[in-house]
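Beneath this line is the structure, given in structure tokens, with notes to follow.
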Amino acid sequence: MNGKHLSTYVVKDLSEGMTASVPFIVSRDDMARFADVSGDFNPLHVDDSFARSKGFEGVVVYGALIIAKVSQLIGMQLPGRDAVWMSVALDFLKPLYIGQQAHVEGVVTSVSAATGVIEMKLRIRALADQLVAKGKAEVLIVL
């Protein structure tokens, strides 16, 4: 677990309005490792000059790397250990750049004790509370 805190919620412990947040900063090394793993070397994600020529402030953080932080939120904090994604959907509104402080936040919007499924609203924010992406997730709590 690399020293990270792992939460373990069962369905009866969850309620609408519960929240969790994961702060993060994406580094150049993170981007390089993701490019190697994914095979995505699109210059918008790896070449500052190219990205700037297209109107961005620099290389744009991979959307899937941001989604990996959603995985950390769901798998480690809320609901934690016994969680399996059923679906995740994000709408990207603004780019996130290397070195920007950001956080992913999740809010439980519904809990079904009968099915063990929770729904969460997701928000990814950067800088002065700038909304980078928003969406939702359905998560199964396994017994």
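The values are calculated or read from the model by the stated rules, or taken from the named source; none is laboratory data. These figures come from a predicted structure and were not determined experimentally. Cβ atoms come from the backbone with ideal geometry, glycine included; neighbour counts cover every protein chain shown.
A few comments on the model shown:
- Condition met for V37 (touching a residue at least 12 places away in the same chain (Cβ under 8 Å) and either loosely packed, with under 13 Cβ neighbours inside 10 Å or under 30 Å from D13 (Cβ atoms) (or both)): no
- Test set (1) modelled with pLDDT of 95 or more; (2) surrounded by 13 or more Cβ atoms within 10 Å (Cβ to Cβ); (3) out of contact with any Phe, Trp or Tyr (no Cβ under 7 Å at 6 or more places or on another chain); (4) not in a helix (DSSP H, G or I) - Q72 fails condition number: (4)
- Residues in the range 1-36 that are in a helix (DSSP H, G or I) and in contact with a Gly (Cβ under 9 Å, 6 or more places away or on another chain) were compared, and the one that is nearest to G116 (Cα to Cα) is V11.
- Residues that are at pLDDT 95 or above, of a type in the set (F, W, Y) and either within 17 Å of the chain's Cα centre (by Cα) or over 13 Å from Y62 (Cα atoms) (or both), drawn from the range 1-46: F24, F34
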